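Written below as C-alpha cells is the structure these notes are about.
What follows draws every value from the coordinates through simple rules; no lab data is involved. This structure is a prediction, so every number in the text was calculated from the model and none was measured. Cβ atoms come from the backbone with ideal geometry, glycine included; neighbour counts cover every protein chain shown.
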Amino acid sequence: MTDTEKQHDLVVRGLTREFPSGTGTLSILRGIDMTLDRGEAVAVTGPSGSGKSTFLYVVGVLDEPTGGSVEILGTDPFGLDRKGQAAFRNEHVGFVFQDHHLLPQCTVLENVLLPTLPGPGAGPEQVDRAKGLLDQVGLSERLEHRPAELSGGERQRVAVCRALVNEPELLLADEPTGNLDQDTAEVVGSLLLDLAKAHGTLLICVTHSLELANRFPKRVDLQEGTFVEVLTTAAQGSPAAAESGGE
C-alpha cells in the first residue's frame, strides 16, 4: 500500500483560511497539506500572526476552513452540523491552551472530569482514569485542591490531564508553556510528549519556544501561509536520521 493509499488518522489537503479585511481578503493559510497518525507528534512554529493558531483551530473544529479539506479518523467534521461537530470534538479532540482555563470553584479532580460531562458523565471508570492521569503527572495528592492553591506549572499539568481524560485520538496544544518559567516549561513539555506517546495520541503543538519544538520528532515552520519542514534536534538523533547520515 502506498502512502497516498494509506488511511491516515489526520489528513489535511489544500487547507486555506481567509478573512475579510478593509482592503480586501486576507489569506492566512494558503494550501496546507499534512498527514499524521496516532503516536506521532509535530511542533508548529512561525512568527506571530503567521496563522499557527488559526491552523490549530481549524484542525480542532473550532473554526471552519475557507477551502481544502480536513479528515479526522476517516470523518469530515465539517460535513456535520454544529451539534455533531461539538460531539465529535468532545469525543476525539483534546485541547491544551496557553492559559489553563481551570474553573476556580472546582477541585483539581472536578476540573479534569469536566470534558466527560457532555458524554457518559463522570462514572467510576472516568474518575479512575482522571485519577490515573493525575498520578502520572505527580498530582495524586492534590485532587481536592482548588486552582488557586496550585502553582502555574501544576495548573498546566491539570489542563493536560483534562485534555486527555476522554482518551482523544488528537491532542492540540497552543503555546502550552508560554506562561511558564523555563524549568517548569521543560517539565510540562516533557509531560505532553510522554503522555501523548503513552496514550497513542496524535499531538500537534503550536509554540514559539524553539527549545520545546526541537524536542519533537517533527517540526514544521509556517511561512507565508504554507508549511516548511525543519529538522529538529530530536529528529537528528533518531535511528532513521543516523542511518541516512543525519540528512
Exercise. For segment 182-195, what does the Karplus curve 6.51 cos²θ - 1.76 cosθ + 1.60, with θ = phi - 60°, yield as ³J(HN,Hα) per residue in whole Hz, taken in order and with x for Gly and Pro?
Worked result: 4, 5, 5, 4, 5, 5, 5, x, 5, 4, 4, 5, 5, 5
For this session: In debye, nearest 20, what is the charge dipole magnitude of segment 59-202 about its Cα centre with +1 on Lys and Arg Cβ and -1 on Asp and Glu Cβ, if you could check?
Result: 280 debye
For this session: Consider just the alpha-carbon atoms of segment 149-198 and return their Rg together with their Dmax, both in angstrom.
Result: 10.6, 31
For this session: Just flag the GluC sites (Glu not before Pro) in segment 109-182 sitting in loop per DSSP whose Cβ has no more than 16 other Cβ atoms within 10 Å.
Result: Glu141, Glu144
Exercise. Counting only Cα, what are the radius of gyration and maximum Cα-Cα distance Dmax of segment 1-120, in Å?
Worked result: 16.5, 52
Exercise. At a Förster distance of 25 Å, what's the computed FRET efficiency of Glu229 paired with Glu64, Cβ-Cβ distance as r, to 0.05?
Worked result: 0.45
For this session: May I ask which of Lys131/Lys218; Lys131/Lys197; Lys52/Lys197 have a Cα-Cα span longer than 26 Å here?
Result: Lys131/Lys218
For this session: Please tell me the relative contact order of segment 1-152 in percent, rounded to the nearest whole number, where contacts are Cα pairs under 8 Å and at least six residues apart.
Result: 19 percent
Exercise. Any idea what angle helix 124-136 forms with the longest principal axis of the chain, computed on alpha-carbon atoms, 0 to 90 degrees, nearest 10?
Worked result: 80 degrees
Seminar exercise, completed: Neighbour-count ranking for Val44, Val187, Val220, Val228 (other C-beta within 10 angstrom, fewest to most) reads Val228, Val187, Val220, Val44
Seminar exercise, completed: Whole-Hz Karplus couplings 3J(HN,Hα) for segment 141-154, θ = phi - 60° and coefficients 6.51, -1.76, 1.60, Gly and Pro as x, run 8, 10, 4, 9, 6, 9, x, 5, 8, 10, 6, x, x, 5
Seminar exercise, completed: All alpha-carbon distances of segment 37-86, grouped into 10 Å bins from 0, give the whole-percent distribution 21, 48, 28, 3
For this session: Arrange Leu170, Leu191, Leu114 by Cβ neighbour counts within 10 Å, fewest through most, would you?
Result: Leu114, Leu191, Leu170
For this session: Please find the FRET efficiency linking Glu211 to His101, where r is the Cβ-Cβ separation and R0 is fixed at 22 Å, and quote it to the nearest 0.05.
Result: 0.35
Seminar exercise, completed: With the label point 7 Å along the Cα-to-beta-carbon line of Asp37 and a cut-off under 15 Å to each amide N, the hits in segment 165-204 are 200-203
For this session: Could you tell me, in Å, what Rg and Dmax come out for the Cα atoms of the chain?
Result: 18.3, 55
